[in-house]
Amino acid sequence: MALEKMSGNGSAGIAFLVSAGIVYEIIAAACSSPQTTEINAAKRAPTLMKWVNLGIAQAALFVLAAACFDKNHRGAILSGGFLAGALMYWQYDHARRAGLDAAGLPGTED
């Protein structure tokens with residue numbers, strides 16, 4: 001069934017997932033994984049978090065643009081983007097803090 005023919009919460013759910021998905025995709029494109037952040041935090045935490053912040057900013061621009069284009073699903077787009085952005089930021093920040101707390105353990109970089 002074509003998306004434009006969908007009604008009710010089905011299309012809002014799709015908009016929510018698309019918005020959340022784009023946040024994850026953009027941050028993944030800009031950053032290494034939270035696992036790599038944790039492993040190498042002792043040497044690269046500032047650089048890694050710089051790219052997380054840039055990824056969050058890029059994702060916010062795309063989510064805001066989508067919300068402007070699709071006024072019918074603005075709430076779902078904004079809530080999906082916000083939730084995904086907050087969760088991804090939390091994961092990277094947790095990885096950074098955990099990695100710095102375990103600074104004596106070997107990383108993957110010399």
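Bear in mind that the values in this text are calculations on the coordinates, not laboratory data. These numbers come from a predicted model, not from an experiment. Note: ideal-geometry Cβ built from the backbone for every residue, glycine included; neighbour counts use all protein chains shown.
Here are the numbers for this structure:
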item: Percent breakdown of C-alpha pair distances by 10 Å bin, ordered from the shortest bin, for segment 8-110; result: 17, 40, 24, 14, 5, 0
item: Residue exposure sequence - 101, 70 - by fewest surrounding Cβ within 10 Å; result: 101, 70
